[in-house]
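S.K.: This structure is in structure tokens; I'll ask about it shortly.
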Amino acid sequence: MHRLLETLDVACALMRANFRAQLQYRASFLLGSFAHLLITCGELLALWFLLLRFPEIGGWNFADLSVLYGIVNLSMTLGDALANGHDRLPIAIKQGTFDRLLLRPRSLTLQIIAQDFTLRRVGRGFQGLFALGYGLSNTNALILGSPEKLALLFVCISSGREGHPKGEPRGQAGAGG
């Protein structure tokens, strides 16, 4: 247990150092976050305009799709923040800097995650939170009504797997498969 707490402490210290480095250029950070927010706003607005013309698509209304959209965007934000270091791994191997990670007495996965924990895509996370909040407040699913449904919501966000709060996705009940 002591080793786990020590590892988490080192991970937090590495992430704080990474955050400070990213915030050195505040204007760049703010503009990048705002750009990601605008892009995701465009996606949500396109969905809204589509549903103005067709109020339901396959039994799904805008509130239902907002819940799904929020879960997906929050999952993508979380995944991007945690796995972006793995995208840079082939470059580190080619440049010969990967050896430094192997020589350190810490978990390799922890070092890879902590070396590039990105803050620049928080705009997508805020958009996901907004869409999820809007969808949950305007749907009659009552996700927050029980601990089991709330746990399902957190599992869906953290695993990247979307599950409809009303049960099986519409049109899938009884489908063989």
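The values are calculated or read from the model by the stated rules, or taken from the named source; none is laboratory data. Quick caveat, the model's predicted, so the values are computed rather than measured. Quick reminder, even Gly has a Cβ in these numbers, built from the backbone with ideal geometry, and neighbours come from all protein chains shown.
S.K.: For the stretch 17-36, check the following and say yes or no: at least one residue is within 16 Å of TYR69 (Cβ to Cβ), modelled with pLDDT under 80 and in a helix (DSSP H, G or I). Break it down stepwise before answering.
M.R.: Residues of the stretch 17-36 that are within 16 Å of TYR69 (Cβ to Cβ), as a first pass: 36.
Remaining after also requiring modelled with pLDDT under 80: 36.
Keeping just the survivors that are in a helix (DSSP H, G or I) gives 36.
Among the residues of the stretch 17-36, at least one is within 16 Å of TYR69 (Cβ to Cβ), modelled with pLDDT under 80 and in a helix (DSSP H, G or I), which makes the answer yes.
S.K.: At pLDDT below 80 and surrounded by fewer than 15 Cβ atoms within 10 Å (Cβ to Cβ), is that true of HIS164?
M.R.: no
S.K.: Then there's this: Just name the residue that is nearest to PHE130 (Cα to Cα) out of those in the stretch 28-47 that are exposed (fewer than 13 other Cβ atoms within 10 Å of the Cβ) and over 19 Å from the mean Cα position of the chain (by Cα).
M.R.: Checked the stretch 28-47; the qualifying residue nearest to PHE130 (Cα to Cα) is LEU45.
S.K.: Let me ask another. Of the residues GLY125, GLY85, which is part of a helix (DSSP H, G or I), modelled with pLDDT of 80 or more and either under 21 Å from GLY42 (Cβ atoms) or small (Gly, Ala, Ser) (or both)?
M.R.: Details: GLY85 fails: modelled with pLDDT of 80 or more.
None of the others qualify; the one that does is GLY125.
S.K.: I would also like to ask the following. Kindly indicate whether LEU102 is surrounded by fewer than 18 Cβ atoms within 10 Å (Cβ to Cβ), more than 24 Å from ALA17 (Cα to Cα), at pLDDT 80 or above and out of contact with any Leu (no Cβ under 6 Å at 6 or more places or on another chain).
M.R.: No: the conditions fail for LEU102.
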